[in-house]
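Trainee: Here it is, the structure, as C-alpha cells.
The values are calculated or read from the model by the stated rules, or taken from the named source; none is laboratory data. Just so we're clear, the structure is a prediction, and the values are computed from it rather than from any experiment. Because the Cβ atoms are built from the backbone with ideal geometry, glycine has one as well, and the counts that use them run over all protein chains shown. Each accessible area value is taken on the protein alone, full model and side chains, heavy atoms only, with ligands, DNA and RNA left out. Shrake-Rupley method; radii C 1.70, N 1.55, O 1.52, S 1.80 Å.
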Amino acid sequence: MHILKLRDGEDFIKLGQALKACGMADSGIEAKEIIMQGLVLVDCEIETRRGRKLYDGAEVEYDGDKISIQK
C-alpha cells in the first residue's frame, strides 16, 4: 500500500495525479486510459473521472495495489 500525503495547504489531489505520484501510471495519458476503462476504485466504487478530487481518508485501488490519501 502506498501512503500519499497531501501537501501543506492542499485539501485534495486529483485521481490521475495520485496514480502518477505513486507510480501506478507512467504518464497522464496512461492514467486517463486506466481510469476511463473503469479499472480504478475509489472508496470501493468504480471511478471513471480522472479529475475526481481525493480528500484525506480516501482509498484508491488499481491492479491489486492501493493508495491511502492522508493529510
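Trainee: Among 57-68, 12-23, how do they line up by average Cβ neighbours within 10 Å per residue, starting with the highest?
Mentor: 12-23, 57-68
Trainee: Once amide H atoms are placed 1.01 Å from N in the peptide plane, what residues at a sequence separation of 5 or more from Ala58, or on another chain, have their amide H within under 5 Å of its amide H?
Mentor: Ile69
Trainee: Here's a follow-up. Could you work out what % of the accessible surface of the chain is carbon and sulfur, using a 1.4 angstrom probe and leaving DNA, RNA and ligands out of the count?
Mentor: Working: 2050 of 4600 Å².
Of the solvent-accessible surface of the chain, carbon and sulfur hold 45 percent.
Trainee: Using amide H atoms built 1.01 Å from N in the peptide plane, name the residues 5+ places from Lys66, or on other chains, whose amide H lies under 5 Å from its own.
Mentor: Residues meeting the criterion, in which the H sits 1.01 Å from N, are His2.
Trainee: Let me ask something additional. Per residue Cα convex hull volume for the chain, in cubic angstrom? Show your work: numbers first, answer last.
Mentor: Numbers: hull volume 5.1 nm³, N = 71.
Taking the convex hull of the Cα positions in the chain, it is 71 Å³ per residue.
Trainee: Taking 0.36 nm per residue of separation and subtracting the Cα-Cα distance, what length does fully extending Ile3 through Asp26 add? List each step's numbers first, then the result.
Mentor: Working: separation 23, 0.36 × 23 = 8.28 nm, distance 1.80 nm.
So the chain would gain 6.5 nm between Ile3 and Asp26.
Trainee: By the scheme Lys and Arg +1, Asp and Glu -1, what is the net charge of all other residues having a beta-carbon under 13 Å from that of Glu45?
Mentor: It works out to a net charge of -2.
Trainee: Give me the accessible area per residue for the chain, probe 1.4 Å, as a whole number in Å².
Mentor: That works out to 65 Å² per residue.
Trainee: State the extension gain, in nm to one decimal, for the chain segment bounded by Met36 and Thr48, taking 0.36 nm per residue of separation less the distance between their alpha-carbons. Provide the component values of the computation, followed by the final result.
Mentor: On the way: separation 12, 0.36 × 12 = 4.32 nm, distance 0.47 nm.
Extending this stretch completely gives an extra 3.8 nm.
Trainee: Under 14 Å from a point placed 7 Å out from the Cα of Lys66 along the Cα-to-Cβ direction: which residues of the stretch 21-50 have their backbone N that close?
Mentor: Inside the label zone: 41-45.
Trainee: Could you derive backbone 3J(HN,Hα) for the stretch 17-31 from the dihedral phi with the Karplus parameters 6.51, -1.76 and 1.60 (θ = phi - 60°), listing whole Hz in sequence and x where the residue is Gly or Pro?
Mentor: 5, 5, 4, 5, 4, 9, x, 7, 9, 7, 8, x, 5, 5, 4
Trainee: I would also like to ask the following. Mind putting a number on the dipole of the chain about its Cα centre? Charges go on the C-beta only, +1 for Lys and Arg and -1 for Asp and Glu, and I need it in Debye to the nearest 20.
Mentor: 260 debye
Trainee: Same structure again: Heavy atoms of the protein only, probe of 1.4 Å, neighbouring chains included. What is the accessible area of Glu10 in Å², nearest 10?
Mentor: We get 70 Å² for Glu10.
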